[in-house]
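Here's the structure we're looking at; comments come further down.
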Amino acid sequence: MPGLRNIIKSLWVLRCPIACVLSAVLGELGGLFCKKRRWPEWWDWELEFTPHLLKRMEDREFNEVDIRTILEHARSHRRNIVDGRWLIETHHNEHPWEVIVEPDVVSKLLVLITAYPVWEN
């Protein structure tokens with residue numbers, strides 16, 4: 001698909017948003033043309049698991065490997081209603097999930113508060 005690559009590159013040079021959509025849909029150029037959303041510094045910190053999260057992991061039948069994978073699939077983040085906490089939108093087993101985190105600036109740890117599936121009405 002060299003011709004398609006050139007079309008996408010041309011659209012990108014013109015700052016056309018369709019280039020981003022095409023490259024994502026076709027999987028051809030991945031993130032080469034599309035800027036990934038900037039994540040805060042704390043996103044790369046070591047994880048700390050709260051007792052509450054450990055209980056939820058048991059209740060909701062996921063483990064440490066699962067939560068790390070869930071975080072790798074994160075799509076976006078926004079401030080949570082609790083000051084200092086963030087809501088991470090992601091997915092697990094092809095279903096939307098949310099993870100609540102709280103960066104510990106002093107220890108440079110990303111504290112995982114809870115994680116849960118999002119049930120659509």
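The values are calculated or read from the model by the stated rules, or taken from the named source; none is laboratory data. None of the values given here were measured: they were computed from a predicted structure. Neighbour counts run over all protein chains shown; Cβ positions are idealised from the backbone, glycine included.
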| request: Test THR90 against the criterion of being within 14 Å of THR114 (Cα to Cα), assigned by TED's automatic domain parsing to the domain that holds LEU109 and touching a Phe, Trp or Tyr at 6+ places or on another chain (Cβ under 7 Å), and give yes or no. | output: yes
| field | region 108-121, residues that are on the phi < 0 side of the Ramachandran plot, in contact (Cβ under 8 Å) with a residue 40 or more places away in the chain and of a type outside the set (Phe, Trp, Tyr) | value | LEU109, LEU110, VAL111, LEU112, ILE113, THR114, ALA115, PRO117
| remark: Looking across region 108-121 at residues that are outside any strand (DSSP E or B) and touching a strand residue (DSSP E or B) at 6+ places or on another chain (Cβ under 8 Å), the single one that is nearest to LEU53 (Cα to Cα) is VAL118
| query | Quick one: is ARG38 part of a loop (DSSP other than H, G, I, E, B) and free of Cβ contacts under 8 Å to residues at least 12 places away in the same chain? | reply | yes
| query | Does region 81-101 hold any residues that are surrounded by fewer than 19 Cβ atoms within 10 Å (Cβ to Cβ), free of Cβ contacts under 8 Å to residues at least 24 places away in the same chain and within 17 Å of HIS52 (Cα to Cα), and which are they? | reply | VAL82, LEU87, GLU98
